[in-house]
Amino acid sequence: MKVVEGAVLRYRVMAYVTGVVLMVLVFVGIPLQVAGHPAVANDVGVVHGILYIIYLASAWMLSRKLRLETRPTVIMLLAGTVPIMTFIVERWVTRRFIDPVLTGQAQPTAPAVR
């Protein structure tokens, strides 16, 4: 369980950090860029790009530890590209997959064979 708890913590931290930075980029940086001040969008865009790669790695590792099927894994991975979606998907993944595993009510399921 310790391995899963560490992966959960890394995923949650990166989901929230990536989500906040993406919101700053979209709701502050892009309007400022349109207004003629591109520095914020450029800097925050680079930071978001780096953080998104780290988010992808943490989400992928968690999905493998939970043995998620393809659809929830793809949803987790793409959540960092839509503003506010990381927060929604993190709550969904927590309720649907993480909480049952951490409370011992369910074991990680085997991946579907296709």
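The values are calculated or read from the model by the stated rules, or taken from the named source; none is laboratory data. A quick note: this is a predicted structure, and the numbers were derived from the prediction, not measured. Don't worry about glycine lacking a Cβ; one is built from the backbone with ideal geometry, like all the others, and counts go over all protein chains shown. Heads up: the accessible areas ignore ligands, DNA and RNA and are worked out on the full protein's heavy atoms, side chains in. Shrake-Rupley method; radii C 1.70, N 1.55, O 1.52, S 1.80 Å.
Round to a whole number: what % of the accessible area of the chain belongs to carbon and sulfur, probe 1.4 Å? Numbers along the way, then the final one.
Numbers: 4660 of 6750 Å².
Roughly 69 percent of what the probe reaches on the chain is carbon or sulfur.
Would you please classify the overall shape of the range 20-84 from the alpha carbon gyration tensor, given that a ≥ b ≥ c denote the square roots of the eigenvalues, rounded means a/c under 1.5, and beyond that prolate means a/b larger than b/c while oblate covers the rest?
Numbers: a/c = 4.69, a/b = 2.75, b/c = 1.71.
Prolate is the answer for the range 20-84, as a/c is 1.5 or above and a/b outweighs b/c.
Hey, can you find the accessible area per residue of the range 21-96 for me, probe 1.4 Å, expressed in square angstrom?
56
Got a sec? Charge dipole of the range 4-96, +1 on Cβ for Lys and Arg, -1 for Asp and Glu; which of Ala57, Ile84, Val28 is way out at the positive end?
Selected residue: Ala57.
How high is the relative contact order of the chain, in percent, with contacts defined as C-alpha pairs under 8 Å that are six or more residues apart? The partial results should precede the final answer.
Details: 112 pairs, mean separation 36.7, N = 114.
Relative contact order of the chain: 32 percent.
At 1.4 Å probe size, put Asp99, Asp43 in order of accessible surface, largest to smallest.
Putting Asp99, Asp43 in descending order of accessible area: Asp43, Asp99.
What are the extents of the Cα atoms of the chain along their three principal axes, listed from largest to smallest and rounded to whole Å?
So the extents along the principal axes, rounded to whole Å, are 53, 30, 19.
In whole Hz, what ³J(HN,Hα) sequence does the range 16-32 give by Karplus (6.51, -1.76, 1.60; θ = phi - 60°), x for Gly and Pro?
These are the phi-based 3J(HN,Hα) values: 5, 5, 4, x, 5, 5, 5, 5, 4, 4, 6, 8, 10, x, 5, x, 5 Hz.
What trypsin sites (Lys or Arg not before Pro) in the range 25-78 are in a loop by DSSP, with at most 15 other Cβ atoms within 10 Å of the Cβ?
Arg67
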